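A short write-up of the structure that comes next.
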Amino acid sequence: MANISLNYDEIDRVCNVLNTSVEETLVPRMNEAQQEVDALLETGLVFVEASPALQAQYQTFTTSLKNATQSIIDYADQFRAIKESMQEMDADMAEKVKSSGR
């Protein structure tokens, strides 16, 4: 039989870490990298056809990475939803126990 243990504060903390890592670290660093690549391909590694192709490919890559960061936020949302569901279930069970003794 499974045991259940939830630490609501820890769930909230980890969810905040996940969201913060996306919003304050991952996406800003990807944007910085994109700007650096764009600058390089416009001034330091310039080819008539290859540079625009490299730039487009790197943009596609960056967009793909940014889309993947949504999965991190989705995990945080899922963890919060589990926590909230368990809090509601716990409160419902407590209410049923209290009302059955009346």
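The values are calculated or read from the model by the stated rules, or taken from the named source; none is laboratory data. Note that the structure is a prediction, hence the values are computed from the model and not measured. So basically every Cβ, Gly included, is an ideal-geometry build from the backbone, and we count neighbours across all protein chains shown. Note: areas computed on protein heavy atoms with side chains; ligands, DNA, RNA excluded. Shrake-Rupley method; radii C 1.70, N 1.55, O 1.52, S 1.80 Å.
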Take the conditions acidic (Asp, Glu) and modelled with pLDDT under 95 and apply them to ASP90. Does it pass?
yes
In the stretch 77-102, what residues are open to solvent by less than 90 Å² (accessible area, probe 1.4 Å) and of a type in the set (A, V, I, L, M, F, W, C)?
PHE79, ALA81, ILE82, MET86, MET89, ALA91, ALA94
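Look at VAL48 and say whether it is assigned to a helix (DSSP H, G or I) and either in contact with a Gly (Cβ under 9 Å, 6 or more places away or on another chain) or on the phi < 0 side of the Ramachandran plot (or both). Working first, answer last.
Values: assigned to a helix (DSSP H, G or I): no; either in contact with a Gly (Cβ under 9 Å, 6 or more places away or on another chain) or on the phi < 0 side of the Ramachandran plot (or both): yes.
The answer is no for VAL48.
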Being over 30 Å from GLN87 (Cβ atoms) and aromatic (Phe, Trp, Tyr) is true for just one of TYR58, TYR8, TYR75. Which residue is that?
TYR58
From the list VAL48, VAL37, VAL22, VAL14, which residue is surrounded by 11 or more Cβ atoms within 10 Å (Cβ to Cβ), of a type outside the set (S, T, N, Q) and over 30 Å from ASP77 (Cα atoms)?
VAL37
Long-range neighbours under 9 Å by Cβ, at least six apart or interchain, first residue under 30 Å from THR62 (Cβ atoms) and touching a residue at least 60 places away in the same chain (Cβ under 8 Å) within the stretch 7-25, second open to solvent by 70 Å² or more (accessible area, probe 1.4 Å) and of a type in the set (D, E, K, R)
CYS15/ASP77
